[in-house]
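Here's the structure we're looking at; comments come further down.
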Amino acid sequence: DIVLTQSPALAVSLGQRATISCRASQSVSTSSYNLMHWYQQKPGEQPKLLIYDASNLASGIPVRFSGSGSGTDFTLTINPVQADDIATYYCQQSRELPPTFGSGTKLEIK
Amino acid sequence: QIQLVQSGPELKKPGESVKISCKASGYTFTDYAMHWVKQAPGKGLKWMGWINTYTGKPTYADDFKGRFVFSLEASASTANLQISNLKNEDTATYFCARGRQLYYFDYWGQGVMVTVSS
């Protein structure tokens with residue numbers, strides 16, 4: 001299985017930029033797609049899709065969320081961070097079955 | 001609007017069975033796969049498998065073969081997850097999630113907390 005590695009936590013100040021990284025144990029890109037996706041999960045809630053195919057904003061997601069990367073290294077950026085963004089963020093790959101998730105990065109306010 | 005509404009929390013004893021439902025609305029049920037994802041308390045997300053809502057064919061991840069069954073009530077736009085011979089380690093929240101062609105999940109149910117305790 002492809003292993004996705006995320007830092008456990010990130011502390012940022014409100015109004016600043018948050019950069020959350022995800023590293024895959026092998027490439028999750030094809031010639032056509034970068035098969036990395038990002039979700040936000042608040043306590044007691046279901047995950048919400050933020051970004052699909054590395055850089056495409058999901059429906060209804062604010063433009064202060066963005067994604068980038070290819071191969072094995074991917075980034076989710078939130079700029080500027082708002083109080084409502086406090087949550088755990090998961091990356092997920094779909095290059096190979098089974099789809100796997102990172103262990104999550106908890107975004108905290110400094 | 002698109003919604004996946006799951007059944008309520010369950011408290012079961014080891015060895016018992018549980019059936020969880022996921023009712024979809026706001027889209028054509030058979031146009032999208034339904035996936036199941038497990039989240040143990042305080043832990044991350046683990047993909048369990050998926051069911052083809054058009055053919056009814058299930059596919060299980062390796063760790064979920066044997067005691068786990070995905071099924072459909074297509075006429076009711078509902079997907080079900082049944083777990084038999086429950087174990088303590090099955091204590092978790094189980095999510096259904098609508099799957100897109102490239103195996104990402106664009107809509108999620110609210111989750112069902114299953115607690116297994118003697």
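Just so it is clear, none of the values below were taken in a lab; they were calculated from the coordinates. Since this is a predicted model, take the numbers as computed values, not measurements. Virtual Cβ from ideal backbone geometry, glycine too; neighbours counted across all protein chains shown.
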Checklist entry - Points 7 angstrom from Cα along the Cβ direction at B:Tyr27 and B:Lys43: gap in nanometres? => result 2.8
Next on the checklist: Below 8 Å, C-alpha to C-alpha, sequence gap of six or more: please give me the relative contact order for chain A in percent.
Outcome noted: 38
Item to check | Hits among aspartates and glutamates - C-alpha to C-alpha of B:Lys38 under 20 Å, sequence gap 8 or more where chains match | outcome: A:Asp1, A:Glu45, A:Glu96, B:Glu10, B:Glu16, B:Asp62, B:Asp63, B:Glu89, B:Asp90, B:Asp106
Checklist entry - What FRET efficiency comes out for the pair A:Glu45/A:Ser70, r = Cβ-Cβ distance, R0 = 41 Å, nearest 0.05? => result 0.85
Item to check | Partner aspartates and glutamates for A:Lys110 [C-alpha distance under 16 Å; skip if fewer than 8 residues away on the same chain] | outcome: A:Asp84, A:Asp85
Next on the checklist: Compute, for chain B, the length of the dipole vector about the Cα centre, with Cβ point charges of +1 (Lys, Arg) and -1 (Asp, Glu) only. Units Debye, rounded to 20.
Outcome noted: 120
Checklist entry - Of A:Thr19, A:Thr30, A:Thr72, which is the most mobile in a GNM of chain A whose springs link Cα atoms less than 10 angstrom apart? => result A:Thr30
Checklist entry - With Cβ to Cβ distances under 15 Å as the rule, what net charge do the other residues near B:Asp63 carry (K, R +1; D, E -1)? => result +2
Checklist outcome for this item: Too long for a 19 Å Cα-Cα cut-off, among A:Lys48/B:Lys46; A:Lys106/B:Lys87; A:Lys106/B:Lys46; B:Lys13/B:Lys46; A:Lys48/B:Lys43, are A:Lys106/B:Lys87; B:Lys13/B:Lys46
Checklist entry - To the nearest 0.05, what FRET efficiency results for A:Ala11 and B:Ile2 with a Förster distance of 35 Å applied to their C-beta separation? => result 0.55
Item to check | Average beta carbon contacts from partner chains per residue of B:45-57, 10 Å cutoff | outcome: 2
Item to check | log₁₀ of I(q)/I(0) at q = 0.22 Å⁻¹ - chain A, Debye sum with one point per alpha carbon | outcome: -1.19
Next on the checklist: With a 10 Å cut-off between alpha carbons and a GNM built on chain A, which of A:Ile86, A:Ile61, A:Ile78 moves the most?
Outcome noted: A:Ile61
Checklist outcome for this item: By the Cα gyration tensor axes a ≥ b ≥ c (a/c under 1.5 gives rounded; else a/b larger than b/c gives prolate, otherwise oblate), the shape of segment B:1-85 is prolate
